[in-house]
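Laboratory data are not the source of any read-out in this text; all were calculated from the coordinates shown. Not measured: the values here are computed from a predicted model. Quick reminder, even Gly has a Cβ in these numbers, built from the backbone with ideal geometry, and neighbours come from all protein chains shown.
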Amino acid sequence: MNVLKHLHTINHHKRLVMKGCFAVGLYRQGLLHDLSKYTPTEFLVGCKYYQGTMSPNNAEREARGYSSAWLHHKGRNKHHMEYWIDYGVTHKGMCGMKMPLRYVVEMYIDRVAASKNYQKSRYTDRSALDYYLHGRQFHILHEDTRALLELLLYMLAASGEAYVNRFIRGKLLKGQIPYERTALEKLMQPYQREAEQSNP
């Protein structure tokens, strides 16, 4: 069991998320982020299936056919899109509910921190976007939530983390940006073009 290595990984991730949340003014979320990872249900599994280069949940899933740690985690942490999956109101089946703004921001910060934690020296401002795009077709997200997350990831790839932090703190969290797909996609277009041009 890789107790110390896993503890170091989750501590480092938590510090990165805390730094990111504090930078945009989400102090409470920075302090409370991912506390369930320290519970026995998640921590012991993380030690047993520790990888170092990716989440131990993936290894547990391969070994058992499901991840007990992930099932526990996603139901207790509102910054995960999976927390917000429910039966639709206007259409049949399961679908993504519109996530509160502050949790979309924490989700973005969480993805950036995870990329830094696992990629280490290979991390770039495109890392979180590339990881997201790799699994995009499988995500169950409300259209407005998807548009906002993609805006932040393309903005990061095009303009860097400090720029996105200023946008989140100075405009987004102050209600100056409509949390609506059409407006967000229009705002995203120049960042998407720049990100794509810089990654032929």
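Going down the list 14/174; 78/98; 14/120; 5/48; 14/78; 19/48, which pairs span over 18 Å between their C-alpha atoms?
With Cα atoms farther than 18 Å apart: 14/174; 19/48.
Please state the shape class of the chain: rounded when a/c is under 1.5, otherwise prolate if a/b exceeds b/c and oblate if not, all from the C-alpha gyration tensor. Provide the component values of the computation, followed by the final result.
Working: a/c = 1.64, a/b = 1.35, b/c = 1.21.
Prolate is the answer for the chain, as a/c is 1.5 or above and a/b outweighs b/c.
What does the extension gain come out to for residue 139 and residue 82, with contour length at 0.36 nm per residue minus their alpha carbon separation?
Details: separation 57, 0.36 × 57 = 20.52 nm, distance 0.86 nm.
Extra length available between residue 139 and residue 82 comes to 19.7 nm.
How tilted is helix 181-197 with respect to the longest principal axis of the chain? Cα atoms for both, answer in degrees (0 to 90, nearest 10).
Result, in degrees: 80.
Report relative contact order for region 1-114 in percent, whole number only (criteria: Cα-Cα under 8 Å, sequence separation at least 6). Present the calculation step by step, with values, prior to reporting the outcome.
Numbers: 124 pairs, mean separation 26.7, N = 114.
Contact order relative to length: 23 percent.
With the crude spin-label approximation of a point 7 Å out along Cα→Cβ, what separation in nm comes out for residue 38 versus residue 196?
Taking the simple label geometry, residue 38 and residue 196 are separated by 4.4 nm.
Please work out how much length the chain gains when fully extended from residue 22 to residue 166, using 0.36 nm per residue of separation minus the C-alpha to C-alpha distance, in nm with one decimal. All intermediate terms of the calculation are to be shown ahead of the outcome.
On the way: separation 144, 0.36 × 144 = 51.84 nm, distance 1.19 nm.
Full extension from residue 22 to residue 166 adds 50.6 nm.
Could you work out the helix-only [θ] at 222 nm for the chain, with each DSSP H run of four or more residues adding -39,500 (n - 2.57) and the total divided by the number of residues, to the nearest 500 deg cm²/dmol? Write out the running numbers ahead of the final one.
Working: 10 runs with 125 residues, N = 200.
That calculation yields -19500 deg cm²/dmol at 222 nm.
Fewest to most neighbouring Cβ within 10 Å: what's the order for 10, 140?
On the way: 10 17, 140 14.
Lowest to highest Cβ neighbour count: 140, 10.
How high is the relative contact order of the chain, in percent, counting Cα pairs under 8 Å that sit 6 or more residues apart?
Values: 232 pairs, mean separation 35.7, N = 200.
For the chain, the relative contact order is 18 percent.
Using only the Cα atoms, work out Rg/Rh for region 89-197, with Rh taken as the Kirkwood radius, to two decimals.
Working: Rg = 13.9 Å, Rh = 14.4 Å.
On the Cα set of region 89-197, Rg over Rh gives 0.96.
Counting only the backbone N, which residues of region 89-120 are under 19 Å from the spot 7 Å out from the Cα of residue 2 toward its beta-carbon?
Under 19 Å, as judged by backbone N against the label point of residue 2, lie 113-120 of region 89-120.
Helix 101-119 sits at what angle to the longest principal axis of the chain, using alpha carbons and giving 0 to 90 degrees rounded to 10?
Once rounded, one gets 60 degrees.
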